[in-house]
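Working notes for the structure below.
The values are calculated or read from the model by the stated rules, or taken from the named source; none is laboratory data. This structure is a prediction, so every number in the text was calculated from the model and none was measured. A quick note on method: Cβ atoms are made from the backbone with ideal geometry, for glycine too, and the neighbour counts reach across all protein chains shown. Surface areas here come from the heavy atoms of the whole protein model, side chains and all, with no ligands, DNA or RNA. Shrake-Rupley method; radii C 1.70, N 1.55, O 1.52, S 1.80 Å.
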Amino acid sequence: MLNFRQFEAGPDPFGRKYQVMFKWLQTAISIRHSDTVDVKFILQDDAGARSEKTIALPHALLVEVSRATGRKMDDPWCARIAELHLLRLVETGEDLEKNLVTLTLDEIKEYTAAIAGQEELPAN
């Protein structure tokens, strides 16, 4: 999925689907004294209920993966990593009750590989 700004997620384990809107991406050092890149999304379910999810990407882990893969560390890459994790949260229900979720090194590597695979697909 190349549009991380607005997309559909789900269904979740309860059958709900969500319209997801990208709200912002910023370094968390300024808002919560954390060395992460935070990506915030607004979710609205089929019934109109809204919730917010912030996906935190630890800066040191992003640098490590960026160096290992030769991938430039930029906003679209961070937002797409967060998007893929949010999709997983919704589909599995795992950590769905949390407003802030921090990714691990393995998760960042997994999503980076998935993004690389998407970028290799021919455009239709």
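Structural remarks
- Label zone at D46, where the point sits 7 Å out along the Cα-to-Cβ direction: segment 8-23 residues whose backbone N lies under 17 Å: 8-20
- Computed from backbone phi, the HN-Hα couplings of segment 78-89 come to 4, 5, 6, 4, 4, 4, 5, 5, 4, 4, 5, 4 Hz, rounded to whole numbers (Karplus: 6.51 cos²θ - 1.76 cosθ + 1.60, θ = phi - 60°; Gly and Pro given as x).
- For segment 62-111, the Kirkwood estimate of the hydrodynamic radius, built from every pair of different alpha carbons, is 11.6 Å.
- A dipole drawn for the chain from +1 and -1 charges on Cβ atoms has a positive end, and of F22, F7, V101 the residue lying farthest that way is F22.
- Using alpha carbons only: equivalent-ellipsoid semi-axes of the chain, gyration tensor based, whole Å: 23, 18, 12
- With all protein chains in place and a 1.4 Å probe, the accessible surface of the chain carries 51 percent carbon and sulfur.
- Two-site FRET efficiency, A116 against D75, from Cβ-Cβ distance with R₀ of 25 Å, rounded to 0.05: 0.90
- Highest-fluctuation residue, I108, I55, I42 considered, GNM on the chain with Cα pairs under 10 Å: I42
- FRET efficiency for the pair D35 and E8, taken as 1/(1 + (r/R0)^6) with r the Cβ-Cβ distance and R0 = 25 Å, rounds to 0.20.
- Structure-based [θ]222 nm, the chain - -39500 (n - 2.57) summed over DSSP H runs of at least 4, per residue, nearest 500: -12500 deg cm²/dmol
- Calculated FRET value between M21 and L100, using beta carbons and R₀ = 22 Å, to 0.05: 0.80
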